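The next block holds one structure in the form of structure tokens; read it before the comments.
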Amino acid sequence: MKAYIFPGQGAQFTGMGKDLYETSPLAKELFEKANEILGFHITDIMFEGTAEQLKETKVTQPAVFLHSVILAKTLDIKPDMVAGHSLGEFSALVANGALSFEDGLKLVSQRAMAMQKACEITPSTMAAVLNLDDKIVEDICASIDGVVVAANYNCPGQLVISGELKAVEEACEKMKEAGAKRALILPVGGAFHSPMMEPAREELAAAIEATTFNTPICPVYQNVTASAVSDPAEIKKNLIIQLTAPVKWTQSVQQMIADGATSFTEVGPGKVLVGLVNKINKEVETISA
């Protein structure tokens, strides 16, 4: 069975999508439609912009989404199952037909703006922790005074924590003392997938509730549950929770393999996810589209 996976924020690069725009009439049409929907020429920033311009949350999230979704449409993929890492879940939901291209882009844009606003309320950040057992990471987070939680279960031995700046810094020191190979603050705008995103979750909930979700052609393995979901109402509910809950990527990939996935194709910028899949299970085939 073929699984298609879609990357999240951080996979962007200057020039992303330009080849698609120049070689595929369908891609060109969709990129132009995106410029219209967003109200600014995101294509200019994607194709010619600086790394700094691409890093702006209001740009990054729609840019990664557009690259993934438009590439998927030009490849005319027929997935048996899909999953996306954080933001990538929206790309996955367009790929399996749960969301239209237009609605997916609008939601991603609203998500980016809401997250940006939430980031400005309190100084917050994320940090990568390497070579420490998940349980030890969780226990250290629980022992800290202040908000810090496990946010991304990326692969065995690679976990990202998220929360208030001071709490994350303190947790990093304790992780190193506990034997972590590294505990490194990440260059991100704020504490994604933590309680710090509650204001964004409330804002996005209204937008998601107002959007039509269709019954998809195949299940999506959602970050929140790490299980196959096909019911539109359940998909919506999990998408809303996703902003303040951890991304269970390791568990999602393991479940997809248990359910019959034999190959994983990463659709979008970068090759981060196929790298993670290889660390989770060396036996399955991985392809970068």
Log entry, pairs with first residue in the stretch 247-275 being touching a residue at least 12 places away in the same chain (Cβ under 8 Å) and under 18 Å from Ser68 (Cβ atoms), second being among the aromatic types (Phe, Trp, Tyr) and open to solvent by 20 Å² or more (accessible area, probe 1.4 Å), beta carbons closer than 7 Å, six or more apart or on different chains, reads Val247/Tyr153; Trp249/Tyr153; Thr265/Tyr4; Val267/Tyr4; Pro269/Phe13
Given the conditions (1) assigned by the TED database to the domain that holds Ala112; (2) over 26 Å from Ile235 (Cβ atoms); (3) small (Gly, Ala, Ser), every one holds for Ala167 apart from (1)
Is it the case that Thr211 is assigned to a helix (DSSP H, G or I) and of a type in the set (S, T, N, Q)?
no
Here the residues within the stretch 201-213 that are farther than 16 Å from Asn238 by Cβ and touching a residue at least 12 places away in the same chain (Cβ under 8 Å) are Glu203, Thr212
Check whether at least one residue in the stretch 71-82 is part of a helix (DSSP H, G or I), of a type outside the set (Asp, Glu), under 18 Å from the mean Cα position of the chain (by Cα) and surrounded by 17 or more Cβ atoms within 10 Å (Cβ to Cβ), and report yes or no. yes
When restricted to Ile140, Ile161, the only residue touching a Lys or Arg at 6+ places or on another chain (Cβ under 8 Å) and buried (at least 17 other Cβ atoms within 10 Å of the Cβ) is Ile140
### Message
Here is a check on your reading of the model: is Glu198 outside any strand (DSSP E or B) and without any contact (Cβ under 8 Å) to a residue 40 or more places away in the chain?
### Response
no
Restricting attention to the stretch 120-137, the residues that are surrounded by 21 or more Cβ atoms within 10 Å (Cβ to Cβ) and either assigned by the TED database to the domain that holds His85 or outside any helix (DSSP H, G or I) (or both) number exactly 5
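Quick grid of which residues meet (1) open to solvent by 20 Å² or more (accessible area, probe 1.4 Å); (2) farther than 21 Å from Thr286 by Cα; (3) part of a loop (DSSP other than H, G, I, E, B):
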| residue | (1), (2), (3) |
| --- | --- |
| Glu202 | yes, yes, no |
| Thr215 | yes, yes, yes |
| Thr225 | yes, yes, yes |
| Ile240 | no, yes, no |
| Ala245 | no, yes, yes |
| Val253 | no, no, no |
| Gly260 | yes, no, yes |
| Phe264 | no, no, no |
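The values are calculated or read from the model by the stated rules, or taken from the named source; none is laboratory data. Just so we're clear, the structure is a prediction, and the values are computed from it rather than from any experiment. For neighbour counting, all protein chains shown are included, and Cβ atoms are generated from backbone atoms with ideal geometry for every residue, glycine included. The protein model used for the area step is the full one, side chains on, heavy atoms only, and it has no ligands, DNA or RNA in it. Shrake-Rupley method; radii C 1.70, N 1.55, O 1.52, S 1.80 Å.
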